[in-house]
1. Among Val222, Met62, Gly269, whose Cα projects farthest towards the positive end of the dipole of the chain, with charges put on the beta-carbon of Lys, Arg (+1) and Asp, Glu (-1)?
2. With a 10 Å cut-off between alpha carbons and a GNM built on the chain, which of Val178, Val200, Val222 moves the most?
3. Applying 1/(1 + (r/R0)^6) with R0 = 51 Å to the Cβ-Cβ distance of His195 and Ala5, what FRET efficiency is obtained, to the nearest 0.05?
4. Principal axes first, then extents: for the Cα atoms of the chain, list largest minus smallest coordinate on each axis, whole Å, largest first.
5. Gain in length, Lys238 to Gln23, computed as 0.36 nm per residue apart minus the alpha-carbon separation, to one decimal in nm?
6. So, with +1 on the Cβ of K and R and -1 on the Cβ of D and E, and no other charges, what is the size of the charge dipole of region 104-196 about its Cα centre, to the nearest 20 debye?
7. Quote the charge dipole size of region 162-300 about the Cα centre in Debye, to the nearest 20; the model charges only the Cβ of Lys and Arg (+1) and of Asp and Glu (-1).
8. Using a Förster distance of 51 Å, how high is the FRET efficiency between Thr250 and Val117, based on the Cβ-Cβ distance and rounded to 0.05?
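Bear in mind that the values in this text are calculations on the coordinates, not laboratory data. As the structure is a prediction and not an experimental result, all values here were calculated from the model. We place every Cβ from the backbone using ideal geometry, glycine too, and count neighbours over all the protein chains shown.
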Amino acid sequence: MRDAALRLGVDIRFGYRVSDVIQSDNRVTGVVGKSKDKTFAINATRGVLFATGGFTHNPELMSDHMSAPVRLGGAAKGSRGDFMKIGASLGAKLHNTAAAWLAPIPLEALVRDPQSVTTNIFALRGDSMIMVNKYGHRTVNEKLPYHELGRSMLRWDASKAEHPDLRMYMIFDKSARVHFSDGTSGNPIKPPNEHDPNLVEGETLDELAAAIRRRIEDLGPVAMAGLNIADDFETGIKQTIEEFNKHAATGTDPNFHRGESAIELFRNGPARPGNEKNPALFPFDKTGPYYALILAPGTLDTKGGPAIDSEARVLRAADNKPIPGLFAAGNCAGFPSGQAYWAGGATIGLAVTFGYLAALNVSSNK
Ligand SMILES: Cc1cc2nc3c(=O)[nH]c(=O)nc-3n(C[C@H](O)[C@H](O)[C@H](O)COP(=O)(O)OP(=O)(O)OC[C@H]3O[C@@H](n4cnc5c(N)ncnc54)[C@H](O)[C@@H]3O)c2cc1C
């Protein structure tokens with residue numbers, strides 16, 4: 001797209017942060033903002049199209065709008081929700097602001113360095129691998145598509161008044177590292193000879209559980225979203241793995257039906273050599289080492305903001321009519337998909353489509 005834009009003579013500028021629009025005769029006719037320490041103003045006679053991303057990296061907006069405490073994400077670091085404020089100041093109607101594109105994300109890398117470019121996890125690889133919560137229990141089919149897996153982590157347990165799955169522990173063994181460390185789709189399992197500072201290790205499951213406890217203390221309550229692991233976490237993990245192993249040996253998962261759908265098997269990758277039953281399931285190694293990674297629900301970005309119509313025109317709250325000259329596309333706009341994530345590409349696909357519709361509208365001089 002960049003090459004095509006340059007070929008057509010588009011003037012692409014970096015380091016310009018728009019803070020407001022210029023208006024004349026009730027029409028948006030340009031933008032103002034800052035580049036380095038200097039202010040700038042750009043006039044646009046036909047209209048302004050915002051494509052400034054969601055608000056993943058604006059803690060205040062995340063706290064105000066997300067329905068559960070999601071605080072981390074792999075979105076562009078500039079996704080700070082500027083258009084929420086700019087749109088609201090123009091009287092725009094807000095839409096879909098509690099929704100986000102979700103996928104689990106490794107917690108520790110982002111806690112260590114919030115500016116690090118940490119990718120979300122698009123497939124939990126591994127057959128001798130499970131994900132457990134603070135009680136050491138599995139809660140979900142670990143091979144679900146990433147958005148559904150991320151959403152499962154937001155579960156509210158009304159009887160305990162908590163989100164028990166906001167921090168999950170991905171547990172696996174050495175064989176999983178040997179057979180499933182392919183480095184694709186954000187797969188966080190590294191090969192056995194590669195050091196990973198985020199990995200928690202133990203020679204036995206008891207040692208692993210104790211090491212997880214220590215790691216959680218190091219990370220602190222803010223990173224852990226206030227969740228402590230339960231007193232019987234160790235027992236929970238051991239019972240869960242015993243139960244998992246029993247069924248995995250027969251290639252079945254009676255509780256969550258892992259590995260029974262085509263999309264799961266596609267994302268899982270091929271079976272390890274010798275596994276003829278279910279490529280997504282295999283009993284854990286009888287002896288350690290065992291490993292854990294701490295996962296959190298993360299956004300690819302949020303997808304709510306000023307509402308748009310079918311021509312990407314931003315709508316006014318007062319009368320549901322377009323604000324003249326103002327357009328939006330992508331995650332800065334109230335996305336028409338609601339909570340749904342139809343498939344990979346639904347994000348960029350719709351962003352590009354609405355950008356195109358805005359351009360058609362502007363070029364037709366409506
Ligand atoms: C790890 C990862 C993998 C992904 N893989 C896929 C995939 O395979 N397929 C797919 O369809 N989607 C994928 N997505 C989602 C996709 O990247 C986003 O949904 C998409 O980039 C959103 O486009 P956008 O134009 O709305 O915003 P962005 O791409 O976030 O771009 C917004 C830009 O605006 C800038 N900006 C913000 N505020 C201002 C301001 N005030 N002034 C000027 N500039 C500003 C930001 O810095 C940023 O550069 C992935 C996301 C992640 C995190």
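1. Positive-end residue among those listed: Met62.
2. Val222
3. In this case the efficiency is close to 0.80.
4. The Cα atoms of the chain stretch 74, 40, 38 Å along their principal axes.
5. Fully extending the segment from Lys238 to Gln23 adds 71.0 nm.
6. Computed about the Cα centre, the dipole is about 160 debye.
7. Roughly 380 debye, rounded to the nearest 20.
8. So the FRET efficiency works out to roughly 0.80.
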